[in-house]
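**Student:** For reference, the structure I am asking about is given below.
The values are calculated or read from the model by the stated rules, or taken from the named source; none is laboratory data. Every value quoted in this text rests on a predicted model; they were computed, and no experiment measured them. Cβ placement follows ideal geometry from the backbone for every residue including glycine, while neighbour counts extend to all protein chains displayed. Ligands, DNA and RNA are stripped out before the accessible areas are found, and what is left, the full protein with its side chains, is counted by its heavy atoms. Shrake-Rupley method; radii C 1.70, N 1.55, O 1.52, S 1.80 Å.
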Amino acid sequence: MQNSRSKPCSCPSLKLREVASMYFTMVAAFLVILVVALQGSAPRQNDFPYKVPLDPQGLLELSWNVSYPEQAVHFQLLIRDLQFGLLFGMSDRGEFENADLAVLWSDGHNSYFGDAWSDAKGQLHMDSQQDYQLLAARRAPEGLYLLFRRAFSTCDPKDYLIEDGTVHLIYGILEKPVRSLQAINISALPGGLQRVQLLKPNISIPELPRDMKTMEITAPDVVIPSQETTYWCYMAELPEGFPKHHIIMYEPVVTAGNEALVHHMEVFQCAAEFDSFPHYNGPCDSKMKPDRLNYCRHVLAAWAMGAQAFYYPEEAGLAFGGPGSSRYLRLEIHYHNPLVFKGRRDSSGIRLYYTATLRPHDAGIMELGLVYTPVMAIPPGEENFILTGYCTDKCTQLALPAAGIRIFASQLHTHLAGRKVVTVLAREGRERQVVNADRHYSPHFQEIRMLKEVVAVFPGDELITTCTYNTEDRSRATVGGFGILEEMCVNYIHYYPQTQLELCKSAVDPGYLHRYFNLVNRFNDEEICMCPQVSVPQQFYSIPWNTFNRDVLKSLYDFAPISMHCNKSSAVRFPGEWEKQPLPSITERLREPGPRCPPAPGPQPAAPVPLNLGQLRR
């Protein structure tokens, strides 16, 4: 031994203490990955600022944080009632086929964790590249905590690309032991999906003023109906003579125990032209709901499950109260009750933080996209049909101040056929910046989202909003309009300073659409009534949707002139000629963002990580 130590060595010498330290560090890292501490404390909650229940009973709770320097998400999954394992993962629309999964399973004696994927038939396969990295697993009095990490992009074709916008999370519960991963039949598992915005913006929280006050807009003691979906409406009002204030922040108030049932909430301000609104506390679709409540549409606050508090930038606040502002507010709560719980009581709502010390700017809300009109339609049986709405340079040149406006938040909106929404800023014919994009958009998950960076818009700029729709399950055309089976394409941008411009949207010129109907009538064998007295929806419904008629409609929307709505808050257009306007000419488009591949970790065996969870429940 002494001779071997005395031999010359090109390596730097290490002291015994350093060697021991390295050894124990390696052992500790190995144990963190492979062994569960059967009695351990839960991780600090501050490490995972975002939290959402996965299942309606709240037995599965997901927390996470986002590391933009690492380009990774760290997950903490609390399993309150562990049986024989769990599937957790992501897929395009929340389906269990073609999904990217982290799987915990047990054969009744031994437990395993692994990165897997499902094929088009729902069969599970161990991934050759293990990108769900288990960091720790520990028991606590409230259940089992699993901590794991996943990079935004792995460049593994079997993995889901985590990007901005909505992410459809899925879960399945193993109620029986399984001998292998491949033996899991995912179609037989109890499970579900949850939608979240995983990549929250990393923005600093502004300092709040000392004179800040709070106001809770909550529906008192609601008995949640024993049905899967309920929209509940409650009318509230501000005190008489309530002066102008600025809302500077708001957050959810969710009744304890109902976190998995309160899906989303919005507070609307009513139209100022009505002196009073009737009191109401009941389902929004009830025949007993007064019609006047339909005039309460100005959004003051919107929250969806998984969202945190919303902060206005230090320079601006949302004005409410004072002259020209209605005292009446409508709270709308969406209850999602798939297990049809009975007798559950709820008093949830939204807490507004406001100040009498007005900030330099009033914040404004502007509608971009398409006008609510049936001239914009989607044929049936379409997988990805695109409609685009324009806020033109002519409108912004006329309506925006010379110093421009600053967009700091955005709420995207379609009805049931919407699948993707993107708004892009263009200047001098070149696309410059994405304002907001949701490539996995769901009409069932709409919230006001703070932007990662403020977007400056100047006079002469263009804002182009594109919506993608899927109508494969429909047998007739889907027209634009207010009905839930009609469609919309809207981006409500939140900006400052407030201007008179409240709506900047477009639609195809009606005269060119009439030419389309005439062309369709001429080229089809059967006679179709395209008479002027027949409504636009009826004309769309009577079209035989062959390839020719579909392609010509797409071309019409791509090249025909538009009718511009450059409207003030009074719904009156700014002075000017707005009919038969040319489409904006875009000569340079932004590139679609490509995946950023992390450094290759080297070959990793497609093998699960064994875990010592002890004897699981039989």
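**Student:** Looking at S585, S555, which is the one that is assigned to a loop (DSSP other than H, G, I, E, B), within 29 Å of G389 (Cα to Cα), open to solvent by 50 Å² or more (accessible area, probe 1.4 Å) and modelled with pLDDT of 90 or more?
**Tutor:** Unique residue meeting the criteria: S585.
**Student:** Of the residues Y335, Y372, which single one is in the same structural domain as P510 (by the TED database), in contact with a strand residue (DSSP E or B) (Cβ under 7 Å, 6 or more places away or on another chain), of a type in the set (S, T, Y) and at pLDDT below 95?
**Tutor:** Y372
**Student:** Looking for whichever is over 21 Å from H413 (Cα atoms), outside any loop (DSSP other than H, G, I, E, B) and either small (G, A, S) or under 22 Å from the mean Cα position of the chain (by Cα) (or both) here; the options are G317, G241. Which one fits?
**Tutor:** Result: G317 is the single residue among G317, G241 that is over 21 Å from H413 (Cα atoms), outside any loop (DSSP other than H, G, I, E, B) and either small (G, A, S) or under 22 Å from the mean Cα position of the chain (by Cα) (or both).
**Student:** Could you check, for the stretch 236-258, whether at least one of its residues is in contact with a Cys (Cβ under 8 Å, 6 or more places away or on another chain) and in contact (Cβ under 8 Å) with a residue 60 or more places away in the chain?
**Tutor:** Within the stretch 236-258, not a single residue is in contact with a Cys (Cβ under 8 Å, 6 or more places away or on another chain) and in contact (Cβ under 8 Å) with a residue 60 or more places away in the chain.
**Student:** Residue by residue through the stretch 89-105, note down the ones that are surrounded by fewer than 23 Cβ atoms within 10 Å (Cβ to Cβ) and touching a residue at least 60 places away in the same chain (Cβ under 8 Å).
**Tutor:** M90, S91, D92, R93, G94, E95, F96
**Student:** Here's something else I'd like to know. What's the number of the only condition in (1) under 26 Å from V196 (Cα atoms); (2) at pLDDT 90 or above; (3) not aromatic (F, W, Y); (4) not in a strand (DSSP E or B) that S276 fails to meet?
**Tutor:** (1)
**Student:** With (1) in a strand (DSSP E or B); (2) open to solvent by 10 Å² or more (accessible area, probe 1.4 Å); (3) touching a Ser or Thr at 6+ places or on another chain (Cβ under 6 Å) as the list, and P459 as the residue in question, which single condition is left unmet?
**Tutor:** All conditions are met except number (1).
**Student:** For the stretch 331-360, enumerate the residues that are under 26 Å from the mean Cα position of the chain (by Cα), among the aliphatic types (A, V, I, L, M) and part of a loop (DSSP other than H, G, I, E, B).
**Tutor:** Of everything in the stretch 331-360, those that are under 26 Å from the mean Cα position of the chain (by Cα), among the aliphatic types (A, V, I, L, M) and part of a loop (DSSP other than H, G, I, E, B) turn out to be L339, V340.
**Student:** Which members of the stretch 157-194 meet the condition of being in contact with a His (Cβ under 6 Å, 6 or more places away or on another chain) and open to solvent by 20 Å² or more (accessible area, probe 1.4 Å)?
**Tutor:** Hit for the stretch 157-194 is L193, nothing else.
**Student:** Would a scan of the stretch 414-427 turn up a residue that is more than 29 Å from K580 (Cβ to Cβ) and not charged (D, E, K, R)?
**Tutor:** Scanning the stretch 414-427, I find at least one residue that is more than 29 Å from K580 (Cβ to Cβ) and not charged (D, E, K, R), so the answer is yes.
**Student:** Which of the residues that make up the stretch 128-148 are touching a strand residue (DSSP E or B) at 6+ places or on another chain (Cβ under 6 Å), assigned to a strand (DSSP E or B), open to solvent by less than 50 Å² (accessible area, probe 1.4 Å) and not hydroxyl-bearing (S, T, Y)?
**Tutor:** L134, A136, A137, G143, L144, L146, L147, F148
**Student:** Please give the number of the condition E240 fails out of (1) open to solvent by 20 Å² or more (accessible area, probe 1.4 Å); (2) closer than 23 Å to Y492 by Cα.
**Tutor:** Of the numbered conditions (1) open to solvent by 20 Å² or more (accessible area, probe 1.4 Å); (2) closer than 23 Å to Y492 by Cα, the odd one out for E240 is (2).
**Student:** Considering the stretch 502-543 alone, what residues qualify as being closer than 30 Å to E314 by Cβ, at pLDDT below 95 and open to solvent by less than 60 Å² (accessible area, probe 1.4 Å)?
**Tutor:** Selection gives L503 alone.
**Student:** I'm checking my understanding of the structure. Among residues of the stretch 226-237 that are modelled with pLDDT under 95 and of a type outside the set (D, E, K, R), which one is nearest to S326 (Cα to Cα)?
**Tutor:** Filtering first and then ranking leaves Y231.
**Student:** Starting from the stretch 59-74, take each residue that is in the same structural domain as E142 (by the TED database) and list its partners that are acidic (D, E), counting only C-beta distances under 7 angstrom and pairs at least six apart or across chains.
**Tutor:** As it stands, the answer is L59/D81; N65/D47, since those pairs meet every condition given.
**Student:** Can I ask one more? Are there any pairs, at least 6 apart or on different chains, whose C-beta atoms fall under 6 Å, with the first in the stretch 259-287 and in the same structural domain as L60 (by the TED database) and the second open to solvent by less than 50 Å² (accessible area, probe 1.4 Å) and of a type in the set (G, A, S), and if so, which?
**Tutor:** Going by the 6 Å Cβ cut-off, there are no qualifying pairs.
**Student:** With respect to F482, is the statement that it is in a loop (DSSP other than H, G, I, E, B), surrounded by fewer than 20 Cβ atoms within 10 Å (Cβ to Cβ), out of contact with any helix residue (DSSP H, G or I) (no Cβ under 6 Å at 6 or more places or on another chain) and among the hydrophobic types (A, V, I, L, M, F, W, C) true?
**Tutor:** Considered against the rule, which asks whether it is in a loop (DSSP other than H, G, I, E, B), surrounded by fewer than 20 Cβ atoms within 10 Å (Cβ to Cβ), out of contact with any helix residue (DSSP H, G or I) (no Cβ under 6 Å at 6 or more places or on another chain) and among the hydrophobic types (A, V, I, L, M, F, W, C), F482 comes out as yes.
**Student:** Collect the residues in the stretch 371-392 that are closer than 20 Å to S535 by Cβ, open to solvent by 30 Å² or more (accessible area, probe 1.4 Å) and over 23 Å from the mean Cα position of the chain (by Cα), keeping them in residue-number order.
**Tutor:** If the condition is that a residue be closer than 20 Å to S535 by Cβ, open to solvent by 30 Å² or more (accessible area, probe 1.4 Å) and over 23 Å from the mean Cα position of the chain (by Cα), then P374 is the only one that fits.
**Student:** For the stretch 57-88, name all the residues that are part of a strand (DSSP E or B), over 19 Å from N202 (Cβ atoms) and either of a type in the set (A, V, I, L, M, F, W, C) or open to solvent by 10 Å² or more (accessible area, probe 1.4 Å) (or both).
**Tutor:** Listed by number, the residues that qualify are L60, E61, L62, L77, L78, I79, L86, L87, F88.
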